[in-house]
Amino acid sequence: MIGINRAQYGRMVEMISLGLGTTLTAFGDALDLQRRVHSEVAHGSRPPTLILVEHEPVYTAGRRTRAIEYPQPPLTAVDVDRGGKITWHGPGQLVIYPIVPLPQPLDVIAYVRALEQSVIETCANFGVTAQQVAGRSGVWHQPNPQISSPNKLCAIGVRVAQDTTLHGLALNCNNDLTPFTHITPCGISDAGVTTLSHAAGTTITPTMVSEPLTDRLVVNFKELGIH
């Protein structure tokens, strides 16, 4: 049984927190909840909804993951129906699944950019300069462009069915980065990963990030016409 706390952001977006800060949730349980919420949102019986969670440690592989990018046995990965490639979820990482109806004409790229922009604006609240990287999804941190390559702060992988989104974003807050050494994160072999805490030089937890990031998502979704 997963614990659910709900909050309403005005009348526009509902938030479901799966015990964020106190409970680690199995990926399968969260996926089942996503699918139930997705059906309700797609049929108009529920408002746009954000599901916030910290997962039990798990590797998940999107549809484009190549065999060489998976972890080696005995480690395993869960194949999922989102875009993108392989990543890791676990303690210290904030995962948000926005289940929202996209306006017509459908523009999935604009939706992904809104996710990225929301994360970038949230990182700025904590004194961290984050950015997009041309040709690559997600949000990146590059402390010194002249001597270092960008490191990934936040992975994004989405699916759209019945004009309504599934899956979402995973922001590294204060998680251990060791699990990423067993995979090719997001299929990108020439860049590293980092955390918001490392970039800021102080501990920043998923609970600390959840409210400002949710606020930015609501604002940027409104600009897209999501309601």
Subject >> Accessible-area ranking of His167, His182, largest first, probe 1.4 Å >> reply: His182, His167
Original post:
From the square roots a ≥ b ≥ c of the eigenvalues of the alpha-carbon gyration tensor of the range 89-154, which class results: rounded (a/c under 1.5), prolate (a/b over b/c), or oblate?
Top reply: prolate
**OP:** Place the peptides 38-45, 17-24 in order of packing, highest mean first, counting for every residue the other Cβ atoms within 10 Å and averaging per peptide.
**Re:** 17-24, 38-45
Original post:
Hey, what do the phi angles of the range 63-72 turn into as Karplus ³J(HN,Hα) couplings, whole Hz, using 6.51/-1.76/1.60 and θ = phi - 60°, x for Gly and Pro?
Top reply: 4, 9, 5, 8, 4, 5, 8, 6, x, 7
**OP:** State the Cα centre-to-centre distance between the range 91-129 and the range 26-61 in whole Å.
**Re:** 16 Å
**OP:** Could you state how much accessible area Thr203 has, in square angstrom rounded to the nearest 10, with a 1.4 Å probe and all protein chains kept in place?
**Re:** 90 Å²
Subject >> Rounded, prolate or oblate (a/c below 1.5 giving rounded, otherwise prolate when a/b exceeds b/c) for the range 48-88 by Cα gyration tensor >> reply: oblate
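Tell me, what is the percent relative contact order of the range 1-113, built from C-alpha pairs under 8 Å that lie six or more residues apart? Each step should come with its number before you reach the end.
Working: 187 pairs, mean separation 29.1, N = 113.
It comes to 26 percent, rounded to a whole number.
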**OP:** Select from Ala200, Ala30, Ala61 the residue whose mean-square fluctuation is largest in a Gaussian network model of the chain (Cα-Cα springs shorter than 10 Å).
**Re:** Ala200
Original post:
Which percent of the accessible area of the chain is formed by carbon and sulfur heavy atoms (probe 1.4 angstrom)?
Top reply: 51 percent
Original post:
Which far-off residues, 5 or more places away or on another chain, put their amide H under 5 Å from the one on Val158, with H placed in the peptide plane?
Top reply: Gly83
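Taking all protein chains together and a probe of 1.4 Å, list Ile109, Ile16 from the most accessible to the least accessible. Provide the component values of the computation, followed by the final result.
Values: Ile109 115, Ile16 0 Å².
Per-residue accessible area, sorted high to low, gives Ile109, Ile16.
Mind putting a number on the dipole of the chain about its Cα centre? Charges go on the C-beta only, +1 for Lys and Arg and -1 for Asp and Glu, and I need it in Debye to the nearest 20.
The dipole of the chain has a size of about 320 debye.
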Subject >> Solvent accessible area, Å² - Ile68, 1.4 Å probe, full protein context >> reply: 130 Å²
Original post:
Which whole-number percent is the relative contact order of the chain (Cα, under 8 Å, 6+ apart)?
Top reply: 22 percent
**OP:** Return the sequence-ordered ³J(HN,Hα) values of the range 197-206 in whole Hz as given by the Karplus equation 6.51 cos²θ - 1.76 cosθ + 1.60 applied to θ = phi - 60°, using x for Gly and Pro.
**Re:** 4, 5, 5, 8, x, 7, 6, 10, 9, x
**OP:** With the convex hull built on the Cα atoms of the range 1-126, state its orientation-averaged projected area in nm².
**Re:** 9.5 nm²
Original post:
Is the chain rounded, prolate or oblate when judged by the Cα gyration tensor, a ≥ b ≥ c being the square roots of its eigenvalues, rounded requiring a/c under 1.5 and prolate requiring a/b larger than b/c?
Top reply: rounded
**OP:** Note down the accessible area of Ser197, probe 1.4 Å, to the nearest 10 Å².
**Re:** 20 Å²
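The values are calculated or read from the model by the stated rules, or taken from the named source; none is laboratory data. What you see is a predicted model; the values in this text were computed from it and never measured. Heads up, the Cβs are rebuilt from the backbone with ideal geometry, glycines too, and the neighbour counts pull from every protein chain shown. Note: accessible area is taken over every heavy atom of the protein model, side chains too, but ligands, DNA and RNA are not part of it. Shrake-Rupley method; radii C 1.70, N 1.55, O 1.52, S 1.80 Å.
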